[in-house]
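First up is the structure itself, then whatever we jot down about it.
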Amino acid sequence: MTIEELAELLAIHLWAVLVAVATVSLLLAWLLWHCLQRYGPAVTGWLRNVIHLARPHARRLPLPDTVLGIWGMMRRLGGQALVSIAVAVTASIAFIEIADEIAADDDLGRFDAALSDALSRHASDAQLRIFAILTDLGDKRFLMAIAVAVALALMIRKRWFVAAAWVLATAGGGLLNLALKALFERSRPERWHAFASADGWSFPSGHSSGSFIVYGLLGYLVMLYLPRRSHLPMAALLMLLIVCVGFSRVVLQVHYFSDVLGGYAFAASWVAAWIAGLEAFRRRRQNALPG
């Protein structure tokens, strides 16, 4: 199957593709939640024991100061922060790879153009109208209202550090996205409808990255502060919102497919880095408590 034939198939079976993508995403969210709940404490404890057992031997080895410094940092950060750092590095590499393949003569760039063209011919007005509503869930004004509400809730609970981190992470992510757009200067795809409008550069998608950052960090706060029984349904809902916003940007032809992928990769790296910092802070604070 050629790239053009694949794009045509996806555009024709739009709802089936959305259901499939949403189902896979929700299954992955459930699998991640299940693993974190069931195996997270055990894995963290295992890593802590390995570090504890290896520390005396490491001190006797003629290791460079840099290696010893990294070893000490790993011991202080803890398992959760280390996993988040690994996710951030992996997502950053993915973003670089995506950015390297968006040229018109690359396979990903060709697929972008073919899918946008196929959607312009097959997406109905009814479909475009529905996705025009869904895309507002990633609009900066809507996300800003959520960010303000969450910040106020955290301050009311006197979670001052987390509130400050939330504001910096959400606002900083938006500003960094604008900087990346200016760096790549990719033009948006042509569209022949009036169901959505978009200005500025295309890569990476601001709606996709913004929704991932806000809803992703909101999911982390849910894990911290809400009862355990709400974790899975909230994670599923937030994952569904992220998927629908990104999907809508492609269907409405205001972004290429790779713009959304790039937005997700950038946001995943950004969110994971902030979670790593917050986890390191929480670990340090717990260790500082008496008793």
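Can you spot a residue in the stretch 196-205 that is crowded, with 24+ Cβ neighbours inside 10 Å and out of contact with any Lys or Arg (no Cβ under 6 Å at 6 or more places or on another chain)? Looking for residues that are crowded, with 24+ Cβ neighbours inside 10 Å and out of contact with any Lys or Arg (no Cβ under 6 Å at 6 or more places or on another chain), one finds at least one in the stretch 196-205, hence yes. Taking the conditions exactly as written (loosely packed, with under 14 Cβ neighbours inside 10 Å and in contact with an Asp or Glu (Cβ under 9 Å, 6 or more places away or on another chain)), does R121 satisfy them or not? Yes, satisfied. Quick check on my filter: what residues within the stretch 160-187 are touching a residue at least 24 places away in the same chain (Cβ under 8 Å) and buried (at least 17 other Cβ atoms within 10 Å of the Cβ)? Matches in the stretch 160-187: V162, A165, W166, A169, T170, G173, G174, N177, L180, K181, R186. All of (1) surrounded by 17 or more Cβ atoms within 10 Å (Cβ to Cβ); (2) within 30 Å of H34 (Cα to Cα); (3) over 12 Å from the mean Cα position of the chain (by Cα) hold for Y256 with one exception: (2). Would you call I98 surrounded by fewer than 18 Cβ atoms within 10 Å (Cβ to Cβ) and in contact with a helix residue (DSSP H, G or I) (Cβ under 9 Å, 6 or more places away or on another chain)? No. Kindly indicate whether E190 is acidic (D, E), surrounded by fewer than 15 Cβ atoms within 10 Å (Cβ to Cβ) and more than 24 Å from A267 (Cβ to Cβ). The answer is yes for E190.
Quick check on my filter: what residues within the stretch 188-204 are without any contact (Cβ under 8 Å) to a residue 12 or more places away in the chain and either of a type outside the set (A, V, I, L, M) or in contact with a helix residue (DSSP H, G or I) (Cβ under 7 Å, 6 or more places away or on another chain) (or both)?
As a first pass, look at the stretch 188-204 and keep what is without any contact (Cβ under 8 Å) to a residue 12 or more places away in the chain: 194, 199.
D199, the sole residue that qualifies.
Inspection of the stretch 215-234 identifies no residue that is among the small types (G, A, S), out of contact with any His (no Cβ under 9 Å at 6 or more places or on another chain), at positive phi and surrounded by fewer than 21 Cβ atoms within 10 Å (Cβ to Cβ).
Of the residues examined, H207 is not one that is touching a residue at least 24 places away in the same chain (Cβ under 8 Å) and part of a loop (DSSP other than H, G, I, E, B). Taking residues in the stretch 1-16 that are over 14 Å from V250 (Cβ atoms), and partners anywhere that are part of a helix (DSSP H, G or I), the pairs with Cβ atoms closer than 7 Å and at least 6 places apart or on different chains are I3/D107; I3/R110; I3/F111; I3/A114; E4/A114; E8/A118; I12/H122.
Taken together, I156, I213 contain a single residue that is closer than 19 Å to G263 by Cα and of a type in the set (V, I, T), which is I213.
Where a number appears in this text, it was derived from the coordinates with a stated rule and is not lab data. None of the values given here were measured: they were computed from a predicted structure. As a convention, Cβ positions derive from the backbone with ideal geometry for all residues, glycine included, and neighbour counts pool all protein chains shown.
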